[in-house]
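What follows is calculated from the coordinates using simple rules that are stated; it is not laboratory data. Since this is a predicted model, take the numbers as computed values, not measurements. Ideal geometry is used to build each Cβ from the backbone, glycine not excepted, and the neighbour counts take in all protein chains shown.
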Amino acid sequence: MDTLVKEQHELSLKNACIGFMFAYQQKNIEKMMSFCNLDGEVHFQPLGDAGRGKIGELGKGIWSGLIECFPDIDNTLDAAIAEDENVVRCQVVIRGTQVKDFAGIANKGKHFDSDHIFVFHLDDHNRIDGIQVSWDHADLQKQLG
């Protein structure tokens, strides 16, 4: 792959991931899902096996729940790095104020600010078909507790 073609491919990959994160920032679940293969796998790593499932089911459910329980949720994309021909790693800061219980975390009306890593795998049509999300879950619980 020559340099220009490689740069264009990386930009195309990054654009899908940036579009996903921007839709998340807008709290637009349907737009987020439009960048994805809904049958692709999502893994919210700190949740272990309970955090593994399909993007269009578990992913959609968790992101919908987050938006409902943290209505001011916001994110800042600090970096989007193409790691290879199909993988983009995004460093993201997510923040919000809790208004409802979420995933076993009781609502105390507290705010969180948490670094997250999203690793996106994209298919040959630049649709996200794999997402791994990691964060310091103990720190998140401490901030909200």
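Comparing Cα centroids, the range 3-48 and the range 105-145 end up 14 angstrom apart.
Taking a straight line from the alpha carbon of Lys100, these lysines sit under 19 Å away, with near neighbours fewer than eight places off in the same chain left out: Lys27, Lys60, Lys108, Lys110, Lys142. Within the range 1-140, antiparallel bridges make up roughly 85 percent of the DSSP beta bridges whose residues both belong there. Residue by residue, the range 90-102 carries 3J(HN,Hα) couplings of 10, 9, 9, 9, 10, 9, x, 10, 6, 10, 9, 4, 9 Hz when phi is fed to the Karplus relation 6.51 cos²θ - 1.76 cosθ + 1.60 (θ = phi - 60°); x denotes Gly or Pro.
Taking a ≥ b ≥ c as the square roots of the eigenvalues of the Cα gyration tensor, the range 31-98 is classed as oblate, since a/c reaches at least 1.5 and a/b does not exceed b/c. Residues whose amide H comes within less than 5 Å of that of His116, counting only those at least five positions distant or on another chain, are Val92, Val93, Ile94 (H built at 1.01 Å from N in the peptide plane).
Spacing of the modelled spin labels on Asp139 and Leu47, each 7 Å from Cα toward Cβ, amounts to 2.0 nm. Rounded to the nearest 20, the size of the Cβ-charge dipole of the range 48-103 about its Cα centre is 180 debye, with Lys and Arg at +1 and Asp and Glu at -1. When you filter the trypsin sites (Lys or Arg not before Pro) in the range 14-117 for DSSP loop state and at most 16 other Cβ atoms inside 10 Å of their Cβ, you are left with Lys100, Lys108, Lys110. Among residues other than Glu85 with Cβ under 15 Å from its Cβ, the summed charge is -4 (Lys and Arg +1, Asp and Glu -1). With the convex hull constructed from alpha-carbon coordinates only, the chain shows a mean projected area of 8.1 nm² over all directions.
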